[in-house]
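Below: one structure, written as structure tokens.
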Amino acid sequence: MNYSVHNLTQVSDCNALLTWAAREKSDLNFKKLSDERLTVRFAETSQELDAILQGVLAELAATETIIAVLPEGPSKDEAINKKTRLEYKKFLLENRKESYGTVALLEKEMDLARVEQEIEEVDAFIAAIEEKKAALTA
């Protein structure tokens, strides 16, 4: 972006802007680090949740098959209770998957890319201010 650095007439204004920009860049670098760590964690969690969910789905299917062939009695009641617990576990995993799964991973990756672009823009701003400051001191 073209900044109106031609309006700057004082070195002190340049210094104030450079101090502000350095603070902004520092904040963005911290956010980038946080987003990088979250992205890694989301990638790992996404894979883990998928694997656990597949196991629960397989166990749920097996339990449903068992329930279908069991005669009425305590064994069938126990299998029905197990099925209920598995369905609840499936529900919880699907909810976690929404928060920490593939969709959340892609959102974090986009956040990270956005922060990286902001850092590039702050660097361009700093370069423009430093160039103007050098012209003022020359």
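The values are calculated or read from the model by the stated rules, or taken from the named source; none is laboratory data. Everything numeric in this text was worked out from a predicted model, so none of it was measured. Because the Cβ atoms are built from the backbone with ideal geometry, glycine has one as well, and the counts that use them run over all protein chains shown. Quick note on the areas: whole protein, heavy atoms, side chains included, nothing else; ligands and nucleic acids left out. Shrake-Rupley method; radii C 1.70, N 1.55, O 1.52, S 1.80 Å.
Taking the protein heavy atoms of the chain in the context of the full set of protein chains, the accessible area attributed to carbon and sulfur is 55 percent at 1.4 Å.
For region 67-138, applying the loop criterion from DSSP together with a ceiling of 16 other beta carbons within 10 Å to the GluC sites (Glu not before Pro) yields Glu72. Separation of region 44-65 and region 66-108, taken as the distance between their Cα centroids, equals 8 angstrom. Our summary gives the chain a relative contact order of 50 percent, counting only alpha carbon pairs under 8 angstrom and 6 or more residues apart.
For the chain, how big is the tail of P(r) above 24 Å, as a whole percent of Cα pairs? Counting pairs separated by more than 24 Å, the tail of P(r) holds 59 percent.
The lysine pair tally for region 4-138, using Cα distances under 25 Å and a gap of 8 or more places or different chains, is 15. Residue separation of Arg37 and Glu94 scaled by 0.36 nm, minus their Cα-Cα distance, works out to 18.2 nm of gained length.
Note on Glu64 and Ala16: the model spin-label points, each 7 Å out from Cα along the C-beta direction, lie 6.9 nm apart.
Taking the longest Cα principal axis of the chain as reference, the axis of helix 11-69 is set at about 10 degrees.
Think of region 55-130 as having a plus end and a minus end, set by charges on the Cβ of Lys, Arg, Asp and Glu; of Gln117, Leu92, Ile66, Ile66 sits farthest toward the positive end of this dipole.
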